[in-house]
Amino acid sequence: MIFVSLDVKTANSDSSSICEIGIGIFEDDNLVDTLRHYIDPETSFDSFYTENVHGITPEMVSGFYSFDDVDDEIRELLVNKIVVHPSERVRKGFTKAIDNYNLKPYPIFWLDSEIVAQITWETFSEEPCRLREVASTLSIEFGYPDALNCAIVAGKIVIEACKKSGIGVSELLDRVRKARIK
């Protein structure tokens, strides 16, 4: 079982204002590699996000890569892979950032760990669940909520769901697709 997990942090309420990308690469239920990039979002930072969400300031990313600068590296890791993400906002923001920079679309099989939790555990079936809450319930260490740690936690949630369900990531992706159709 090989899949990639992805999370992003944004500079403001625009989900494409990516200022950090975190990626985990999983193989056979193990995290085998990671990648983190701070990104200059080339837009303004909202103090709410800087002070309450992630702590990333404009000064921290000034002079770093823009999203299009890391496109080739990120593309190589994600294209034609199952990409686990912790919320729909991450998928939408990442896709919108690709569009904003007029980059070629990434063919990706998106797998939302929030929906995975909802269809796997009764505890989370009624309403949207937060990544930290799911991690705590499943005894997954969470740590600081930066993009890399959140990507890793989302990946570990999928691994636990596969173990509980007795199926692989591809089959879990099929279940999530069917759950969305209903």
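The values are calculated or read from the model by the stated rules, or taken from the named source; none is laboratory data. What you are looking at is a predicted structure, and each value in this text was computed from that prediction instead of being measured. So basically every Cβ, Gly included, is an ideal-geometry build from the backbone, and we count neighbours across all protein chains shown.
Quickly run through segment 1-25 and pick out the residues that are within 15 Å of Trp110 (Cα to Cα) and at pLDDT 95 or above. Please lay out each step first, then the result.
Step one: filter segment 1-25 for residues within 15 Å of Trp110 (Cα to Cα), giving 2-8, 23-25.
Hits for segment 1-25 are Phe3, Val4, Ser5, Leu6, Asp7, Val8, Ile23, Gly24, Ile25.
Identify the single condition in (1) at pLDDT below 90; (2) of a type in the set (Phe, Trp, Tyr); (3) within 18 Å of the chain's Cα centre (by Cα) that Phe67 does not satisfy, given that it satisfies every other one.
With respect to (1) at pLDDT below 90; (2) of a type in the set (Phe, Trp, Tyr); (3) within 18 Å of the chain's Cα centre (by Cα), Phe67 is out only on (1).
Among all residue pairs at least 6 apart or on different chains, which show Cβ distances below 9 Å where the first residue, located in segment 69-84, is under 21 Å from Leu111 (Cβ atoms) and the second is among the polar types (S, T, N, Q) and assigned to a strand (DSSP E or B)?
Close Cβ pairs (under 9 Å, with a partner that is among the polar types (S, T, N, Q) and assigned to a strand (DSSP E or B)) amount to Val83/Ser5; Val84/Ser5.
Which numbered condition in (1) of a type outside the set (Phe, Trp, Tyr); (2) under 14 Å from the mean Cα position of the chain (by Cα); (3) within 22 Å of Cys19 (Cα to Cα) is the only one that Val158 fails?
Val158 satisfies every listed condition except (3).
Identify all residues within segment 161-182 that are of a type outside the set (A, V, I, L, M) and closer than 13 Å to Met1 by Cβ; write none if there are none. Lay out the reasoning, then the answer.
Start the filter on segment 161-182 by keeping residues that are of a type outside the set (A, V, I, L, M), which leaves 162-166, 168, 170-171, 174-175, 177-178, 180, 182.
Selection gives Cys162, Lys163, Ser165, Gly166, Gly168, Ser170, Glu171.
Could you check segment 46-103 and list, in sequence order, the residues that are in a helix (DSSP H, G or I), polar (S, T, N, Q) and under 27 Å from Arg130 (Cα atoms)?
Passing the criteria: Ser47, Thr50, Asn52, Thr95.
Inspect all residues belonging to segment 13-24 and state whether any of them is within 17 Å of the chain's Cα centre (by Cα) and part of a helix (DSSP H, G or I).
Let us first name the residues in segment 13-24 that are within 17 Å of the chain's Cα centre (by Cα), namely 13-24.
Next cut, part of a helix (DSSP H, G or I) only: none.
Checking segment 13-24: not a single residue is within 17 Å of the chain's Cα centre (by Cα) and part of a helix (DSSP H, G or I).
Checking Cys129 against (1) assigned to a loop (DSSP other than H, G, I, E, B); (2) in contact (Cβ under 8 Å) with a residue 60 or more places away in the chain, only one condition comes out false. Which one?
(2)
Quick check on segment 93-123: of everything there that is aliphatic (A, V, I, L, M) and over 18 Å from the mean Cα position of the chain (by Cα), which residue is modelled with the lowest pLDDT?
Residues of segment 93-123 that are aliphatic (A, V, I, L, M), as a first pass: 97-98, 103, 108, 111, 115-117, 119.
Subset that is over 18 Å from the mean Cα position of the chain (by Cα): 103, 119.
Numbers: Leu103: 96, Ile119: 92.
If we take residues in segment 93-123 being aliphatic (A, V, I, L, M) and over 18 Å from the mean Cα position of the chain (by Cα), then Ile119 is modelled with the lowest pLDDT.
Determine which single condition Tyr65 fails, assuming it passes every other condition in (1) surrounded by fewer than 16 Cβ atoms within 10 Å (Cβ to Cβ); (2) in contact (Cβ under 8 Å) with a residue 40 or more places away in the chain.
(2)
Residues to consider are Thr50, Thr57, Thr43, Thr137; find the one that is at pLDDT below 95, farther than 17 Å from Thr10 by Cβ, over 18 Å from the mean Cα position of the chain (by Cα) and among the β-branched types (Val, Ile, Thr).
On the way: Thr50 fails: farther than 17 Å from Thr10 by Cβ; Thr57 fails: farther than 17 Å from Thr10 by Cβ; Thr43 fails: farther than 17 Å from Thr10 by Cβ.
Step by step, each of Thr50, Thr57, Thr43, Thr137 is checked, and only Thr137 is at pLDDT below 95, farther than 17 Å from Thr10 by Cβ, over 18 Å from the mean Cα position of the chain (by Cα) and among the β-branched types (Val, Ile, Thr).
Which one is surrounded by the most Cβ atoms within 10 Å (Cβ to Cβ), of the residues in segment 68-103 that are under 28 Å from Asp174 (Cα atoms) and β-branched (Val, Ile, Thr)?
By that ranking, first place goes to Val84.
Can you find, within segment 70-92, the residue that is modelled with the lowest pLDDT among those that are more than 18 Å from Ile39 (Cα to Cα) and of a type outside the set (D, E, K, R)? Before you say what the answer is, go through the steps one by one.
Here is the first cut: in segment 70-92, the ones more than 18 Å from Ile39 (Cα to Cα) are 79-88.
Restricting the remaining residues to those that are of a type outside the set (D, E, K, R) gives 79-80, 82-87.
Numbers: Val79: 96, Asn80: 96, Ile82: 97, Val83: 98, Val84: 98, His85: 97, Pro86: 95, Ser87: 91.
Only one residue tops the list, namely Ser87.
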